[in-house]
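Peer 1: The structure that follows is given in the form of structure tokens.
The values are calculated or read from the model by the stated rules, or taken from the named source; none is laboratory data. Predicted, not measured: the structure shown is a model, and the values here were computed from it. Methodologically, a virtual Cβ is constructed for each residue, glycine included, from the backbone with ideal geometry; neighbour enumeration extends over all protein chains shown.
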């Protein structure tokens, strides 16, 4: 008998405020040199939709903070797992911008979000160790990998892993890329399970290409020079280079993870890929299958949410998994022994993947 890490509960928090593409019609967009873009905003928005497939996204309301979203997702995951929250050994929260508020755009990581979450969940147990992880968009998957190590080492039996971000507050309204970003949170409870056969997390793979690519996502001033004088930092992205990086390295990182387990892409029922850009994800999955000399990608293999939820960073993959498990996506529900791949790419630049066998 061996110990395996199995997800026993899932939960997500999808903000109620729907922001459609047409809600950006009054925005004035500038390029990275500070020049106002002459193209009519309606055309910019339509081109954006064609490139990303995004038609709407979710944003928080002014009274909501990052830990508020995390609390809702965590409570749903704890409830679906049926555990006593006081039995948790770790509370790990992946995010990128800390505890944000509507009246202050500064990134705040003190107190850390996991400590705020533990407080809001009312967990008294000092043995429930709370900490944050900063790993770009792949942060939730990396936190899940850490939880797996804790459980398999015998250091933990039950771990809460949360991904939460509010990107709408650090998005430059004068940057076309601001239309990509969304808000959200999702969580899972992971428990150690004894089994004669592999189950749950059966393998993972990660890489960081910081030497050449660390600056593809960074913080900078508004593209509108008048706004830039306020010295507020916003999320900035080199979209073209990021696309090229992801297309080159994400498929081979996933394949390397499968190779470790002597698995073939045909063994995989679903690929849950970070919802960064719809066209980019389509290109990544095609390139992945091409590595196996397969030209046609199975129609149902890669469920997507980006067209209506946008890119909520660390929350995209766990939200996708939660909706999948709850039967809220228009796709076949995973069954016992089905193999899933979780994969993400983001700031750093880093990529990671997990192979998960349904219990």
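Peer 1: Can you give me the number of residues within the stretch 131-147 that are under 18 Å from residue 7 (Cα atoms) and assigned to a strand (DSSP E or B)?
Peer 2: 0
Peer 1: If the requirement is being surrounded by fewer than 19 Cβ atoms within 10 Å (Cβ to Cβ) and in contact (Cβ under 8 Å) with a residue 12 or more places away in the chain, which of these qualifies: 72, 45, 7, 83?
Peer 2: When all the criteria are applied, what remains is 83.
Peer 1: Then there's this: Only one of these is farther than 27 Å from residue 64 by Cα and surrounded by 18 or more Cβ atoms within 10 Å (Cβ to Cβ): 198, 251. Name it.
Peer 2: Within the list 198, 251, the selection yields 251.
Peer 1: Quick one: is residue 37 surrounded by fewer than 19 Cβ atoms within 10 Å (Cβ to Cβ), closer than 20 Å to residue 224 by Cβ, touching a residue at least 24 places away in the same chain (Cβ under 8 Å) and not assigned by TED's automatic domain parsing to the domain that holds residue 225?
Peer 2: So residue 37 passes the test.
Peer 1: Filter the stretch 131-144 for residues that are buried (at least 19 other Cβ atoms within 10 Å of the Cβ) and more than 14 Å from residue 350 (Cα to Cα) and give the result.
Peer 2: 132, 144
Peer 1: Name the one entry in 153, 168 that is out of contact with any helix residue (DSSP H, G or I) (no Cβ under 8 Å at 6 or more places or on another chain) and surrounded by 19 or more Cβ atoms within 10 Å (Cβ to Cβ).
Peer 2: 168
Peer 1: Shifting gears a bit: Determine whether residue 268 is surrounded by 14 or more Cβ atoms within 10 Å (Cβ to Cβ) and closer than 30 Å to residue 36 by Cβ.
Peer 2: no
Peer 1: For the stretch 208-236, which positions are assigned to a strand (DSSP E or B) and crowded, with 18+ Cβ neighbours inside 10 Å?
Peer 2: Passing the criteria: 217, 234, 235, 236.
Peer 1: Right, next: Right, residue 76: in contact with a strand residue (DSSP E or B) (Cβ under 8 Å, 6 or more places away or on another chain), assigned by TED's automatic domain parsing to the domain that holds residue 44, part of a strand (DSSP E or B) and under 30 Å from residue 19 (Cβ atoms) or not?
Peer 2: no
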